[in-house]
């Protein structure tokens with residue numbers, strides 16, 4: 001049962017990748033504070049996507065990692081279509097929660113569109129940077145490739161996502177507020193990236209086993 005080949009392991013990681021991506025978007029319209037830093041609760045799910053793509057690229061190569069990203073892109077497009085239909089379809093006459101439903105899921109729709117754009121740009125940069133660093137380190141220092149590529153990619157992702165998802169959403173989300181969110185939010189993501197370094201080694205070892 002647990003004697004999996006590389007293709008089966010890739011399928012499992014693809015499922016984890018897409019699940020984390022979808023969860024980050026469906027849950028991401030809630031804002032919380034972590035150690036005083038304002039952040040979307042999607043931060044608990046989204047870093048998993050970078051962890052998985054780095055492990056996949058390390059073992060399977062850049063082409064496989066790129067296919068994983070496009071699978072994630074397709075899942076987000078599907079979510080956007082389904083959200084749009086769900087929000088706009090007429091409710092049953094006895095159902096009284098349409099206003100609340102629209103309020104919650106309209107925000108989710110905007111967040112998902114923002115995430116889609118930020119996701120593709122940042123993830124494509126991540127696999128590109130990881131590949132460049134792997135060549136320059138001659139396949140050594142996985143910890144360096146994982147962290148360097150992810151940290152820069154997370155800055156790109158955080159900047160694009162924050163502006164597209166929250167700017168002018170309410171009067172409180174001013175231009176200055178965006179930068180106040182981006183810098184500490186990115187710092188929090190950097191901490192997550194550093195913390196997940198041992199898990200990259202575990203995943204890579206599992207995939208190569």
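Overview of values
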item	result
Search result, residues across the range 1-19 that are part of a loop (DSSP other than H, G, I, E, B) and within 21 Å of residue 196 (Cα to Cα)	none
Matching residues in the range 171-184 - criterion: being modelled with pLDDT under 85 and in contact with a strand residue (DSSP E or B) (Cβ under 7 Å, 6 or more places away or on another chain)	181
Hits in the range 20-41 - residues which are part of a helix (DSSP H, G or I) and without any contact (Cβ under 8 Å) to a residue 24 or more places away in the chain	23, 27, 41
Among the residues listed as 21, 78, 13, the single one being under 22 Å from residue 124 (Cα atoms) and exposed (fewer than 14 other Cβ atoms within 10 Å of the Cβ)	78
Residue list for the range 153-171, filter: over 15 Å from residue 24 (Cα atoms) and within 14 Å of the chain's Cα centre (by Cα)	153, 155, 156, 159, 160
Criterion (under 20 Å from residue 33 (Cα atoms) and surrounded by 14 or more Cβ atoms within 10 Å (Cβ to Cβ)) met by exactly one of 161, 119, 199	161
Residue pairs meeting the criteria (Cβ under 7 Å; at least 6 apart or on separate chains; first under 19 Å from residue 34 (Cβ atoms), in the range 167-188; second part of a loop (DSSP other than H, G, I, E, B))	173/167; 178/167
Subset of the range 155-209 (residues that are within 30 Å of residue 7 (Cα to Cα), assigned to a helix (DSSP H, G or I) and out of contact with any helix residue (DSSP H, G or I) (no Cβ under 8 Å at 6 or more places or on another chain))	195, 198, 202, 205
Number of the condition not met by residue 86 [criteria: (1) within 30 Å of residue 208 (Cα to Cα); (2) out of contact with any helix residue (DSSP H, G or I) (no Cβ under 6 Å at 6 or more places or on another chain); (3) in a helix (DSSP H, G or I)]	(1)
Check on residue 109, modelled with pLDDT under 85, part of a loop (DSSP other than H, G, I, E, B) and either out of contact with any strand residue (DSSP E or B) (no Cβ under 6 Å at 6 or more places or on another chain) or surrounded by fewer than 19 Cβ atoms within 10 Å (Cβ to Cβ) (or both)	no
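The values are calculated or read from the model by the stated rules, or taken from the named source; none is laboratory data. Small disclaimer: the values here were computed from a predicted structure and weren't measured. Quick reminder, even Gly has a Cβ in these numbers, built from the backbone with ideal geometry, and neighbours come from all protein chains shown.
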